[in-house]
Structures are given as structure tokens and as C-alpha cells.
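Novice: Below are the C-alpha cells for one structure; questions will follow.
The values are calculated or read from the model by the stated rules, or taken from the named source; none is laboratory data. From a predicted model like this one, the values you see are computed outputs, not experimental measurements. Every residue, glycine among them, receives a Cβ derived from its backbone with ideal geometry; neighbour counts consider all protein chains shown.
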Amino acid sequence: MKVAINGCTLEITEGDIAAQEVDAIVNAANRFLAGGGGVDGAIHRAGGPAIMEDTARRYPEGCPTGSAVIGVAGLLAAKHVIHAVGPVWRGGNENEAELLAGAYRRALELAAQHACRSVAMPALSTGAYGYPIDLASRVAVRAVGDFLVESGTPELVRFVLWGRAAYDAFAAAT
Ligand code: AR6
């Protein structure tokens, strides 16, 4: 599914984020940039050790929750990996929505600064971090939509969802 926003395209698709042929792939990282399972595991497995060597050297203090940092993409078919740190879901009263929106916004700012024309993003925080997909999808789509309205870049933002339920939640939110 695709929608046009301010001359840009917002796309929703089902698939593996690590296999996307785009300028930047967004990782669902933790604040230590220490690697892990889910999206993080898939990206490091497919991209090789260069990705973590680069972040360990450039960002030894990690990345705060609600923000993002940019690094190399190793063997992936992308120019950059943007490591975004979403919040752990704690019931909804711990600023989770703002932190989640902040992680998406910062990821897109970095993509714009590095002249990325296409960006693939996962459903941050909706796996190990437990953010309910129906709530997270609304925050994600709004954060990305607002950014595209304000900045008119990147040309393509593709949400890459794992499984039909996640796809349906994002499609309903778009
Ligand atoms: N492509 C696209 N989406 C995927 C893939 C994939 N290959 N694999 C899983 N998903 P998660 P989080 C979906 O756990 O909740 C890691 O250990 C998954 O179904 O990857 O932000 C990190 O190191 C879910 O909908 O990220 C952190 O410690 C979504 O991607 C922590 O988990 C996000 O799930 C971050 O947790």
C-alpha cells in the first residue's frame, strides 16, 4: 500500500527489513547499540561485523532512548544503517509515545542530512520492547507523515512489517 504525502511516498509492506534496497535501513536498536534479536539480529547477521565496529568506535556511549545515530551498512544493499532506539512499553504513562515519535523523527532527520532518497523502517518497539502494535502504528505513521509534510524528504519511506498482523495495523493507521 502506498500514499502520497507532500510529493513523497509512504509505503507499507510486509517483509525482511535487512533485505531492502534503499539508501538507509533503520535498525530497532537498544541504547547501548549492543546488538540483539529481532530486527537488530537480522541487520547485523546480513550486514556483517563492520556495522558494530563502526558504532562502537563512533558512539561508545550508545544512543539515548527516543533518538537515533547513523552508521555504515556493511554488506547490506544500503548506504547507511540508522540505529533508532524506541522505548520499552511500560503501560503508556512513561512518555512512550513521545519517545517513539522522537526515534522516528531523528532517524528521518539523519536520513535527510545524509541525502538519503529512500528509507526503510521497522515497527520500532513492537517486538522485544512490547509496545502494542495498534498504538505504535498510529504513532509511527503520524511521526513519519508529519516529517514528510514539514520537510518534503526523503522521496520514499517504506515501513517494512513482519507478519500480516503488523501490516494490517500499519495499513489501518495510514
Ligand atoms: N524485518 C522486519 N521486521 C522484523 C524483523 C525483520 N527481519 N524481525 C522482527 N521484526 P524488535 P524492539 C519485527 O524486537 O521491540 C533487540 O534485541 C518484529 O516482529 O526487533 O524495538 C534490540 O537489540 C516487531 O514487530 O525491536 C533491542 O534490545 C518489530 O520488528 C530490542 O530488541 C520490532 O521488534 C528492541 O526491541
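Novice: Can you find a residue that is in a loop (DSSP other than H, G, I, E, B) and modelled with pLDDT of 95 or more anywhere in segment 51-59?
Specialist: Yes: segment 51-59 contains one or more residues that are in a loop (DSSP other than H, G, I, E, B) and modelled with pLDDT of 95 or more.
Novice: In segment 88-115, which residues are surrounded by fewer than 23 Cβ atoms within 10 Å (Cβ to Cβ) and either within 13 Å of the ligand (Cβ to nearest atom) or not in a helix (DSSP H, G or I) (or both)?
Specialist: Scanning segment 88-115 gives V88, W89, R90, G91, G92, N93, E94, N95, L99, H114, A115.
Novice: Turning to a different aspect of this structure: Can you tell me which residue is farthest from the ligand (Cβ to nearest atom) among those in segment 24-38 that are surrounded by 20 or more Cβ atoms within 10 Å (Cβ to Cβ) and not polar (S, T, N, Q)?
Specialist: A24
Novice: Would you check which residues across segment 1-23 are within 14 Å of the ligand (Cβ to nearest atom), among the small types (G, A, S) and over 24 Å from G66 (Cβ atoms) and list them?
Specialist: Passing the criteria: G15, A19.
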